[in-house]
Structure formats: C-alpha cells, structure tokens
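Working notes for the structure below.
The values are calculated or read from the model by the stated rules, or taken from the named source; none is laboratory data. In this text the structure is predicted, and so the values were computed from the model without any measurement. Because the Cβ atoms are built from the backbone with ideal geometry, glycine has one as well, and the counts that use them run over all protein chains shown. When the accessible area is computed, the model is the full protein with side chains, heavy atoms only, and any ligands, DNA or RNA have been set aside. Shrake-Rupley method; radii C 1.70, N 1.55, O 1.52, S 1.80 Å.
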Amino acid sequence: MSAVRRALAACGALALALPGAPARAQSPAYERAPEAMRRILDAAPAPEVYGYANGAGISLVWPERVSSIALQSRPSLRLAGLRIDPRSNALRRAPTFSRIALQRIDAAAPFFALASTPARRLALLRVNARGTRAAIELIGDDGVRLMIADLGTRRTAVVPGLRLNPVLAEPFTWMPDGAHLLVHAALGGAPPVRASVPSGPVVEESSGGAAPERTHQDLLRDAGDEAAFEHYAASRLAYVDAATLRVAAFGPSAPIEQVRVAPDGRYLLIDVLHRPYRHDVSAAGFPRRTEIRDARGALVRVLADNGGTGALPGGAVADGPRNVKWRPNEPATLDWLDALDGGAPFAMFQARDAIESLAAPFRGAPREVVRSEKRLMTIVRVDGSPVELVADYDPATRERTTYALDASAPRAALRPLWTHRDGSRYDDPGLFASKRTANGEVVAYQAGGAVFLFGEGIAREGSRPFVDRLDLRTLERRRIFRSELQPLETPVAVLDAQGARLVLARSSRTEPMNVVVRDGARERALTAFADPAPELRGIVRRFVSYKRSDGVDCSFTLYLPPGYREGTKLPTLLWAYPREYANAGLAGQISDDAQSLWTPRGFAPLMALAGYAVLDDVATPVVGDPRTANDNYLRQVTDDAESAIREAVALGVTDPDRVAVGGYSYGAAMAANLLAHTQLFRAGIAMSGAYNRTLTPFGFQNETRTYWQAPQAYASLSAFDAADRIADPLLLIHGADDDNDGTFPMQSERMFAALRGNGRVARLVMLPHEEHEYAARESLETVVAEMVNWLDRFVKAAKPRPS
C-alpha cells in the first residue's frame, strides 16, 4: 500500500477511484448520511427487561450499541481468541449499558437508576436474591471497578482498591447469604515485556492425526503471547463484604474460567485453564481442570482434567465430566454428564452418556443416576426440586427429545416430555422460565410443583407468545397464557404458582415496548416509554408472503418511502441471508414479524428514506439433506431471488430494471454470487463476507464437509472464483479488525483485487478498528452514506437494459 493510501486508511474509510466508474470526490473523512437517517442512528434502543429477587422487581438495562471511533481506536491485544483492552483489563467489546434502572413490581416508577459516564461505563448488574443490594460492574481507564448499591437507602459505593478481571468470566457473583460477593480480582502489576529480538522461529508440527479445525482468529503464536495471556486472564478469588466493603483474597492466582458456589456456601466449583496452552484453538479449547475447593480455597478434589478439546468431529464430545453444576435443592451435591463411549460419535455402544452425581465431602466414586442410549446435550436444574430437565439429540434425524428426571430416585428414569426437530418454528415448545438462585446459579423457576415454558408461538399469521405450566409430578402441560396478535405481549416473569400473575412486555405496530403486570383480568402498567424514533413512522411496512417456483412458502418485509403512492415502481434493494433447511416443510414456516413498533435492525430498511423499495429479510432457503444441501446452493438462491423480485414486481412497487442485491456476512457472499451468476441486478452491496471458500477449508455455516471432500460445492459458493463474471458494480464494506471466524478482512481485500484486476467496477471500504459488527457512530453513518451513494449512482439512475 502506498504512503498516500496508508494515510487515507488511517483517517477514515478508504475510497478508491475506479477506472470506468463515474468520477467522485475522494475524502479521507468519515461520511455524512442524510439528516433523517442520522437521527435514527442516534435513537436510543428499547431497554431489555429482566425479573429479579423472585419476582419482587424488574431490572431495565439500555444496551450501548453505538460507540465512538475514539473508543474503538484504543489499542487492544489479540490473545487466544480474545480481544483485550490492556488499559481496563476488560474485553474490548464488553457489553455495556447507557442506563440501568430497578423497579419494584408494586411501584409505579423506578426507585433506583444509574447512567454511564465517559469515565465509567456500566456493565454487569446483579441483584441479590433478597432484593436488598445490587452489584454493578464499572469499566474505566483505570480498570474494572465494583460498585455496590444498598437498595433500601439507595446509596452506592465503589469498593476501594479492588480491580475486577472480567476477561474469562463474569467477575462477581453473590454468595448465598446475600451479604457477600465472590469476585475475580485482577492481579495488576506490569505486563510481561516481550523480547524485541526473537529467540528462534515459531514452529508447529503435525503428528499425523486428523485435526479438521475451522478457521479461528487471534490465536496464540509464541511464548510472548502465552505470557501476555496469563497476565491479563489470570485472577485471584476474593470475598467482598457488601456492608463494610472489606476485601479478603484467598487461594492461588490462575486463569479462572468459571466459579460456582455451592447452595450452602461451603464449597466452590472452579474451572481453571492451564498449560500447555494450544496455538491452534481459542481459550475455550485449552486444557481445563475442574476443581472442588472449600470456601477458603483449600483443594478438596480434582474432578476432571482434560488436555484441551481442540477439533471434535460432528456429534463428538470431550471425554470426562461436562455440564458440571450444583443441585439447587441440596446443600452441596454436584452432578454432570459423562460420555460412556469416550465421546466418539460413530463407535457402537449400548449407552452413550450417563448422568453422575457426587455429594460432599466428595470422596469415593460418583453415583450413576441414569444412562442414555443417545448423546445428552444439556441438563437444566429446577429450583428447589430434585427433578432435572434433560435433552438428548439424534444427529441423523436432527431431533431433540426433552425428558424429566427425578435425580434423587434410586432407579431414576428419563420420562419423555416432547420431541422437537431443528428448524421447526411452528411447534417450538419454548424455553423454561428461569431464575437466579441465592448462590448465583441460573435454574428453571419452580412454583407449586410446576415449571413454566415461555415460547414465541410462531405461526404464519405472526407470533403469539405463550406461557405453559408443566406439572412436574403428572407431566401435564397446560397453556395458561397466549398473546393476541395485537398488541404483542411477551412474557418476562411468572409471579405465582398458577401463572395467573405475569410480567409482560407489550408492544404494537403503533406503540413502543412497555411493561405491564397482568393479574387475571386486571393489569397495571409499570413503564411508559415514548417512541424512540418517530422519524420512522412515515415509512410504510408490510409483510409479504408468496411461493418459490417449486412451491416452497417464502416471505419478505417490504419497506416503502414516506408518502408512497400505490402503483409507483421504485428502484429496489433486496437484502437477504441464506438459511439451510432439511425439507420444504421447515423452509416454508414463514411468519409475519411486523407486529411491534418498527425500529431498525439493520442498514437496509433505512434506504426507504432515500426513495427505495426495500425487500428485507427475504426468505432464502436452501433445502435438502444437511450433508449435501450446498450442492444445489446456487440454483436455490437464484430461485429465491427471482421469486422475490417477481412478487415485488407483481405488487407494483419494483422496477425490475433497477434492482440491487445486498447482504451481511453469509448474506454478503450470497450477494456477490448472485451478481456473478445472474442478470437480475444492477449493483450489489456486500458487507463483511467470505468470498473464497478455500480459505475456510474445514467447513463454514452448516457445511460439515471439508474442501477436499466437496471441492465443487466449495467452488460454487466462492464468488472469488467467478469474479471475472461479475458485470455489475459491487460495493464491498468490511471491518478492518473483523473478529469473526471465516470472515477475515483479507476476504474483501482479495475480492476487490480480483474485481479490479478483471476490470470490474467495485469499491472497497475498510472501516478502521471495526470488528464483524460495526460499533462506532462514525462508521455506522459512513456505511449508510456509502449505501445511499452507491445505490443512487448505479441503481436509481440506471437506464433499462438493452432487450
């Protein structure tokens, strides 16, 4: 790259003059979008709503989805698949909130609220089980601090001298007494000094065993990286007295991945990462030791120690205990899943998995609770009950069966509840309503001998969220709540044993989300939020359903400009993301999602404000045997696009001579492929995609075959291979620091080079310091401006193609 181009890239989005393209002023600065779009980018998101203290109140958190380029430009370290801000010793993209608020169910307004400041960004919030105190994580330049709020007096205090370490795990949890916290304390001190002169080459060696690992980013490379990883990931455990703020550290320091406190508070279950650290996988695949320690840190027993999982074939699991957790109904009893077949997916065994249990003082052999012929995927513990909810999975049928199990019974049996097939939306049973116990564990909420399921209730006409009550003794399942289509009411919490009292998040096509308490026929509003983006209300939004040429049901959400006159044919943007389905029935499970007040979930709908019809979330099913579906990928995505355009033309909203295609990530690859293999479009927009599948040779998305097993499928999905066939202009946008496995920034850089080398019209915009999801306000506005400019140049002003 020339010195001039390096300077441009350092200042902002890189804009390249293209031979054969209309002239355009080049600027090193971030671009400005139209005013209406800027106001939408600045609109505050709706809060997320959670229950706390067993239904005593709700917590409201407003996610910070937009940052600044100054914050994004801070130096970060890339270690073991993590990106770490060395100034704060926190993850570079740690989830933060602009505001948090707590509100009691019996009150009409929040009684406690905090807002982020430039020096202190709000992060994790946890209220103790009694609802008397809250712990809040604060991320700042001087480290991650712990704030404790007394919810009775509403006084807050930052624990002096303590710096938390959230790199590997949530940095604190409440102890069962609700008066103390167990925290991960950062070690501090000077970071290790990397040698300026290497001591030798970096060497990797293969022993001959197959290790088909998918592509990963930011892996450890040498001893210097290993030392840096240990410095920033290691922590020491400590107790914090919430009243006096006194800190008492204990135990050894190590890269502690997770700590779980026994219900009686006397024991700790600790996962520790240890050497030798691997250079071919992220930290999640490092050697891990699972320890039982007493409350003062003394080692009681090593429950498991594996050498790191690394690459596992489909259907395989790590050998040894997994999904280890405390039983919530006993003082200190652990149970876990254990592979009886060594974790192998294909070996013939009468039983594949067992659930095993071990109680304090953790001596002797564990007790086998039950065996399963199929691989067990998860255990959900139930609050205050010996019943556990267990699911197995059959990869051949892609079916998941859920069972109830009385883990305390001497001859426990798996009692089937239901079977659900992957991708089946219309009969999804939902998820168990959860709560956080006094010791910080997330378990299924139980009241009156029953648990509850929250489901989306998706159907063709739209979602009707529901609550089902499941009796743990009889296994009778009864529906106790179902939303109407309008307004849309989504369950947040159950407040009594029969489910008559519910906390619901309510929204409609004309009203923003607000929270209400429903008690039988009575209800009471808890919040009164205003419309966050009134500028959007002029945009016309419609749900459109139609059939693909082979009869598969498809749909898209149509956005039209404010003041649109029926019958006016507009330039159109088709935006999509392909998805794989095992059969046409699953692919055809479409649903009207235009039930709540619209707020942007992407860039494409904003183009309606620039005079375009937008076909958003266009159904792009790829149907077939999951093992070979991609053999017909190009034919099916072409049919998907043709069918959507045909429907939009029939509706009278689309000018077929002025259509663009776009997509993000896997959708970006689709957009480039459609430009290469069809004549449906006048231009394309591809964001953060992967265009050369030889760079992801061990699988991608749901493709499990390797490049060498299915070279033709990999070639057909590689737009790079067909770059010379792309005749229409393509705008490529990519985060220069993309952290997603498979979508390395090189993908867009090489694709642009291929287009330029073949004399095609293209533009490459590399967004400085952005990852797979763009965050900086300056970057977001530049993306919107680039899209409008590109569409105006090559679509809105396009002349009809010669017949």
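So the values come out like this:
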| item | result |
| --- | --- |
| Peptides ranked, highest mean first, by Cβ atoms within 10 Å: ranges 81-94, 777-790, 703-716 | 777-790, 81-94, 703-716 |
| Heavy-atom accessible surface of the chain: percent carbon and sulfur, 1.4 Å | 52 |
| Two-site FRET efficiency, Ala44 against Thr156, from Cβ-Cβ distance with R₀ of 22 Å, rounded to 0.05 | 0.45 |
| Sum of side-chain charges, Glu523 neighbourhood, beta-carbon under 13 Å (Lys, Arg +1; Asp, Glu -1) | +3 |
| Cα-based Rg of the range 261-353 normalised by 2.2 N^0.38 Å, two decimals | 1.22 |
| Angle between the chain longest axis and helix 777-791 axis [Cα atoms, degrees, rounded to 10] | 30 |
| Estimated inter-spin distance, Arg421 and Ala119, nm [label 7 Å along Cα→Cβ] | 6.0 |
| Environment charge of Arg548, counting only residues whose C-beta is closer than 9 Å and scoring Lys/Arg +1, Asp/Glu -1 | -4 |
| Cβ crowding within 10 Å averaged over residues, with 655-661, 571-577 ranked highest first | 571-577, 655-661 |
| Square roots of five times the Cα gyration tensor eigenvalues for the range 303-392, Å | 23, 15, 12 |
| Solvent-accessible area per residue, Å², over the range 438-554 with all protein chains present [probe radius 1.4 Å] | 45 |
| Residue-span extension gain [Arg801 to Glu523] - 0.36 nm each, minus C-alpha spacing | 94.2 nm |
| Peptides ranked, highest mean first, by Cβ atoms within 10 Å: ranges 523-529, 678-684, 630-636 | 678-684, 630-636, 523-529 |
| Sparse-neighbourhood loop sites, trypsin sites (Lys or Arg not before Pro) in the range 267-297 - DSSP loop, at most 13 other Cβ within 10 angstrom | Arg296 |
| The range 480-523 shape via C-alpha gyration tensor axes, a/c threshold 1.5 | prolate |
| In Å, descending, principal axis extents of the Cα set of the range 366-503 | 52, 39, 28 |
| Cα-centred dipole magnitude for the range 388-536, charges only on beta-carbon of K, R (+1) and D, E (-1), debye, nearest 20 | 360 |
| For the range 60-98 and the range 737-777, distance of Cα centres in Å | 21 |
| Residue (of Ser73, Leu634, Gln701) at the positive-pole extreme of the chain, dipole from beta-carbon charges | Ser73 |
| With Cα atoms, 0 to 90° folded angle of helix 746-757 axis to the chain main axis | 10 |
| Dipole of the chain, positive direction: furthest Cα of Leu504, Ala94, Ala228, with charges on the beta-carbon | Leu504 |
| Using a Förster distance of 56 Å, the FRET efficiency for Ala70-Ala210 (Cβ separation, nearest 0.05) | 0.75 |
| Dipole magnitude of the chain about its Cα centre (Cβ charges: Lys, Arg +1; Asp, Glu -1), debye to nearest 20 | 1260 |
| FRET efficiency estimate (nearest 0.05) - Cβ-Cβ, Arg296 to Ala109, R0 51 angstrom | 0.70 |
| Partner lysines for Lys796 [C-alpha distance under 17 Å; skip if fewer than 8 residues away on the same chain] | Lys569 |
| Mean ellipticity per residue at 222 nm, deg cm²/dmol - from DSSP H runs of n ≥ 4 across the chain, formula -39500 (n - 2.57) | -3500 deg cm²/dmol |
| Separation of alpha-carbon centers, the range 235-314 and the range 570-607, rounded to whole Å | 42 |
| The range 442-556: Cα Rg divided by the 2.2 N^0.38 Å rule of thumb | 1.32 |
| Relative contact order for the chain, counting Cα pairs under 8 Å that sit 6 or more residues apart, in percent | 10 |
| Contact order normalised by residue count of the range 606-680, Cα under 8 Å, 6+ apart, percent | 23 |
| Net charge of neighbours whose Cβ lies under 13 Å from the Cβ of Leu273, counting Lys and Arg as +1 and Asp and Glu as -1 | -2 |
| Angle between the chain longest axis and helix 633-650 axis [Cα atoms, degrees, rounded to 10] | 70 |
